[in-house]
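Here is the structure we will look at.
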């Protein structure tokens, strides 16, 4: 049966791993939303510049491998996706308005995700402090012995001693001995 110290270390490592995974997921979603926001901003700039001229020179694709010079006409007309394969023909100024509204929506999501990432980061710090102080996260702050947990950039590592040799266990691997930490009796 595991001692209270080992149970406490396992509980902290499990919590750190779950919160770390949540934080990585949210950071990935945040990166995708920021890229989406940049695309909407670039689209707005392009749609603003398109109707300045009646015709615009362009390289027109002919199949997958060939391009030939041509011109774009009716650059003030844009087909806009309204959702669920429903498209509408709009003027460039109307399409700019649609792109701006979508960019505002994405910006609000970016702010929400940034706040979630900050909260998860503070939760990781709190878990590390609780373990350092020997507090049990399940009891809401009761004391429990600890066996040396180090948090570095979201990665957790537990240390324990076996027969005078310091062993480390990362959250995803088994115990291993570090040669620099061997102690001779």
Report summary line: Filtering the range 76-106 down to residues that are under 30 Å from residue 18 (Cβ atoms) and in contact with a helix residue (DSSP H, G or I) (Cβ under 6 Å, 6 or more places away or on another chain) yields 106
Query raised in the report: Conditions: (1) in a helix (DSSP H, G or I); (2) at pLDDT below 90; (3) closer than 29 Å to residue 34 by Cα. Residue 132 meets all but one. Number of the miss?
Result: (3)
Query raised in the report: For residue 16, all conditions in the list (1) at pLDDT below 90; (2) more than 20 Å from the chain's Cα centre (by Cα); (3) in a helix (DSSP H, G or I) hold save one; what is the number of the exception?
Result: (2)
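Just give me the residues in the range 100-115 being within 30 Å of residue 24 (Cβ to Cβ) and without any contact (Cβ under 8 Å) to a residue 60 or more places away in the chain, in sequence order.
First pass over the range 100-115, keeping only residues within 30 Å of residue 24 (Cβ to Cβ): 102-115.
Correct list: 104, 105, 108, 111, 112, 115.
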Query raised in the report: Has the range 151-163 got any residue that is out of contact with any helix residue (DSSP H, G or I) (no Cβ under 6 Å at 6 or more places or on another chain), surrounded by fewer than 12 Cβ atoms within 10 Å (Cβ to Cβ), within 22 Å of residue 32 (Cα to Cα) and modelled with pLDDT under 85?
Result: yes
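Any idea how many residues of the range 31-61 are in contact (Cβ under 8 Å) with a residue 12 or more places away in the chain, in a helix (DSSP H, G or I) and within 15 Å of residue 76 (Cα to Cα)?
Let us first name the residues in the range 31-61 that are in contact (Cβ under 8 Å) with a residue 12 or more places away in the chain, namely 33-34, 36-37, 40-41, 43-44, 47-48, 50-51, 53-58.
If we keep only those that are in a helix (DSSP H, G or I) too, we end up with 33-34, 36-37, 40-41, 43-44, 47-48, 50-51.
Add one more test, that the residue is within 15 Å of residue 76 (Cα to Cα), and what stays is 43-44, 47-48, 50-51.
Count: 6.
The values are calculated or read from the model by the stated rules, or taken from the named source; none is laboratory data. Bear in mind the structure is a predicted one, so any value in this text is a computation, not a measurement. Positions of Cβ are generated from backbone atoms using ideal geometry, with glycine treated the same way; all protein chains shown enter the neighbour counts.
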